[in-house]
Amino acid sequence: MEGLIDALSVSLNAQNAEIYNRHCRPKLPGSYEAMLNYVERAREFVPEITLTAIDGLSGVDSPACEKIAHDLGVKFRRRVLNVVG
């Protein structure tokens, strides 16, 4: 990705694996942790990474999601449920 991709947006969608699994329904176990690991590793090669989460989605704690983004050293963008654009 280095030199080819300058920005990456990743749907964090939840502050923990339980809520993530409820909303995203991943087919593979450990998907939440793998997504976080991907973001952490991608920081080495992609200059701008943003995690997003949907405010208003049942059980999602946007401030906790924002803290995860900051702890990973990436940006955070709050999306609002049923608002497009």
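The values are calculated or read from the model by the stated rules, or taken from the named source; none is laboratory data. Computed from a predicted model, the values in this text were never measured in an experiment. Glycine gets a Cβ as well: all are built from the backbone with ideal geometry, and neighbour counts include every protein chain shown.
Hey, could you check the range 35-59 for residues that are more than 26 Å from G3 (Cα to Cα) and under 12 Å from the mean Cα position of the chain (by Cα) and say which is surrounded by the fewest Cβ atoms within 10 Å (Cβ to Cβ)? It comes out as I54.
Would you call I19 touching a residue at least 40 places away in the same chain (Cβ under 8 Å) and within 21 Å of E2 (Cβ to Cβ)? Against the criterion (touching a residue at least 40 places away in the same chain (Cβ under 8 Å) and within 21 Å of E2 (Cβ to Cβ)), I19 does not qualify. Restricting the range 12-34 to residues that are in contact with a Cys (Cβ under 9 Å, 6 or more places away or on another chain) and modelled with pLDDT of 95 or more leaves a set whose member that is surrounded by the most Cβ atoms within 10 Å (Cβ to Cβ) is L12. Going through (1) at pLDDT 95 or above; (2) touching a Leu at 6+ places or on another chain (Cβ under 9 Å); (3) of a type in the set (K, R) one by one, R43 falls short only on (1).
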